[in-house]
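Values quoted throughout were computed directly from the atomic coordinates according to the rules given, and no laboratory measurement underlies them. Just so it is clear, the structure is predicted and the values come from calculations on it, not from any experiment. Every residue, glycine as well, gets a Cβ built from its backbone with ideal geometry; the counts of neighbours run over all protein chains shown.
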Amino acid sequence: MKTLKIFLIGFALISISNTALAGYYDQDYTYAQVVDVQPIYEEYRIPQNRRVCDDNRVRPHNRPQRASNGGGAILGGIIGGIIGNRFGKGHGRQAATAAGVIVGSAIGSNARPQGHYSGNAPRRSCYNQREYRIEQRITGYNVSYEYNGRTYQTRLQNHPGDKVRVQINVQVAEY
């Protein structure tokens, strides 16, 4: 029982001394009236990707512009030879057949089957383009406050409201 009383008295003394010290320490602070608050802005560049698409007449890289048509050349040569052979007479028949084969082959090699790529077909090309959006953010506040008839200024991270807590420092001016 005696030990409990000593413990309680010791605890009470420590609590009282801490409270007294806290009150003494807190006397170094007071509040000052805020008279002006100006936000401080900084600009930030926010990257954004935008999808851009357009229809161009382009030639794909994997196909030549003028593809040869071997089957058309053979078929054109046969048809040209038949027509040339039909119109020629005597020795001229051989020359007409040869000319028909040459002309028919040339025409047939340039012929394109229906639906074949011609080199100028429209093709949609899309790509991502990076753009930047400018955004202003508040990074702090320039605060003017009044204490004892004088105006002071400081910079704070947060908006102070109507009052700011100020510390009072008393120093000896002369010896």
- Tyr44, Tyr127 arranged by Cβ crowding within 10 Å, fewest neighbours leading: Tyr127, Tyr44
- Task: Could you calculate the FRET efficiency of Val172 with Arg137 from 1/(1 + (r/R0)^6), where r is the beta carbon distance between them and R0 is 35 Å, rounded to 0.05?
- Result: 0.20
- Residues Ser105, Ser125, Ser144 arranged by fewest to most Cβ contacts within 10 Å: Ser125, Ser144, Ser105
- Item | Residue-count net charge about Gln129 - beta-carbon cut-off 12 Å; Lys, Arg +1, Asp, Glu -1 | +1
- Arrange Tyr152, Tyr29, Tyr145 by Cβ neighbour counts within 10 Å, fewest through most, would you? Tyr29, Tyr152, Tyr145
